[in-house]
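Data block below; observations after.
Throughout, read-outs are computed from the coordinates displayed, never taken from laboratory work. Model, not experiment: these values are computed from the prediction. For neighbour counting, all protein chains shown are included, and Cβ atoms are generated from backbone atoms with ideal geometry for every residue, glycine included.
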Amino acid sequence: MKLVKTIKEIRKIVSEWKKEGLTIGFVPTMGYLHEGHQSLIKNALENDKVIVSIFVNPIQFGPGEDFATYPRDIDRDMEKCSEAGADLIFAPLPEEMYLNDFSTFVDMTGPTDDLCGKARPGHFKGVCTVVNKLFNIVAPDKAYFGEKDAQQLAVIKRMVRDLNINIKIIGCPIIREKDGLAKSSRNTYLSVEERKAALVINKALTSGKNMIQNGEKNPDKIVSAITSVINEEPLAKIDYIKIVDADTISAVSEINGNILVAAAVYIGKTRLIDNFITGEN
C-alpha cells in the first residue's frame with residue numbers, strides 16, 4: 001500500500017489506473033481510523049482500486065473546537081487501511097490543500113440549516129469545500145460515507161446532485177461497539193466514567209425507535225421521550241435531539257417516509273453524535 005502526500009503524485013497514479021480501465025472507490029476520512037472506517041473501505045473493495053484520504057480539514061472546525069487536539073496517528077492509520085484492503089492513502093498537509101491566498105468555497109442552504117449546521121456555523125461550508133476538492137483531485141467512480149454522519153451524507157448527496165458531479169455516493173451503516181456506542185474517533189477523548197455514561201445516547205435513541213415501531217407518529221412525543229432518558233445521565237448535556245426528513249434535513253410534523261432521528265450530546269466536554277433512520281426502502 002502506498003502513501004501519497006501531493007496532489008501531483010496522486011493525479012498521476014489515478015490517471016494511470018484509469019488508462020488501464022480500473023474503477024476507483026474513495027473513502028474520505030480525517031484519520032484516526034477505527035472499525036467504522038474499515039467497513040467503508042471494505043465496501044469500497046467492489047471497485048478495482050481503493051483510495052483513502054486522511055486529512056484533518058482545518059476549515060470545517062470552528063473557534064474553540066478540537067482541530068488542534070483531534071487525534072492523529074498516520075502509522076496506525078496505515079495499518080488499519082492495509083488490514084481493510086485499501087490500495088493507497090492520500091494524506092496531504094494543509095498547505096498542499098489550501099494555498100495562502102485560497103479564497104473559493106462551496107456552501108449550501110437547506111440541508112445544512114439545522115442539526116450540526118445550526119450548532120456548528122460554517123462547518124458544512126468547510127465540509128463541502130474539502131470534499132469537492134478531494135473529488136476533483138481523486139476523481140473516483142464511487143465515494144463511501146458513514147451513516148453515523150447522516151446529515152453530512154445528505155449534504156454530500158445534494159452537492160453531487162446540484163453540481164452535476166459524476167460520482168456515486170454510497171452510504172454505509174453505523175458500526176457500533178458491542179455495548180451499542182457508535183464508533184467514533186472522538187470516543188478516545190472519554191474517560192472511563194464518561195465512556196460508560198455515553199451509552200445513554202444509544203439507549204435513548206433505541207427507546208425512540210421502539211416507540212416508532214409501536215406506531216407512534218408524533219415527533220414531539222418521541223423527542224420528549226429520548227430527552228427524558230438522556231437527562232437521567234448527569235454527565236450528559238443535550239446539544240440537540242431532532243426528527244427531520246432524512247433527505248432534506250427539514251422538520252417533519254409526522255413520522256412518515258424516510259425519517260432521521262438525530263442526537264448530538266456532550267458527554268463531559270466531548271460532543272458525540274448518533275442517529276437512526278426509519279422508513280428506508
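Within the chain, the ratio Rg/Rh, alpha carbon atoms throughout and Rh by Kirkwood, equals 0.97. Using the Karplus relation 6.51 cos²θ - 1.76 cosθ + 1.60 with θ = phi - 60°, the per-residue 3J(HN,Hα) values for segment 37-47 come to 5, 4, 5, 5, 4, 5, 5, 6, 5, 5, 8 Hz, with x marking Gly and Pro. Histogrammed with a bin width of 10 Å, the alpha carbon distances of segment 185-273 distribute as 18, 47, 27, 8 percent, first bin at zero. Taking the dipole about the Cα centre of the chain, with the C-beta of Lys and Arg at +1 and of Asp and Glu at -1, give me whichever of ILE59, LEU235, LEU93 is farthest to the positive side. Final value for the positive-end residue is LEU93. Taking θ as phi - 60° and the Karplus parameters 6.51, -1.76 and 1.60, the scalar couplings of segment 66-71 work out to 9, 4, 5, 9, 4, x Hz in sequence order, x denoting glycine and proline.
Rounded to the nearest 500, the helix-only mean residue ellipticity at 222 nm of the chain stands at -11000 deg cm²/dmol, with each DSSP H run of n ≥ 4 adding -39,500 (n - 2.57).
Inter-part distance, segment 166-226 to segment 80-106, computed on C-alpha centroids, equals 29 Å.
Between GLU254 and LYS5, the contour length at 0.36 nm per residue exceeds the Cα-Cα span by 84.8 nm. For segment 80-140, the percent of C-alpha pairs falling in each 10 Å distance bin, counted from 0 to the bin holding the largest distance, reads 18, 38, 32, 13. The label point for LYS221 and the one for ASP66, both projected 7 Å from the Cα toward the Cβ, are 3.6 nm apart.
Overall shape of segment 154-227 was characterised from the C-alpha gyration tensor. The equivalent ellipsoid obtained from it has semi-axes of 29, 22, 11 Å, in decreasing order.
What FRET efficiency comes out for the pair THR104/TYR240, r = Cβ-Cβ distance, R0 = 22 Å, nearest 0.05? About 0.10, to the nearest 0.05. Once the mean of 1/r is taken over each pair of separate Cα atoms and inverted, segment 130-281 shows a Kirkwood hydrodynamic radius of 16.5 Å.
Extents of segment 1-59, largest first, come to 32, 26, 20 Å (Cα atoms, principal axes, whole angstrom).
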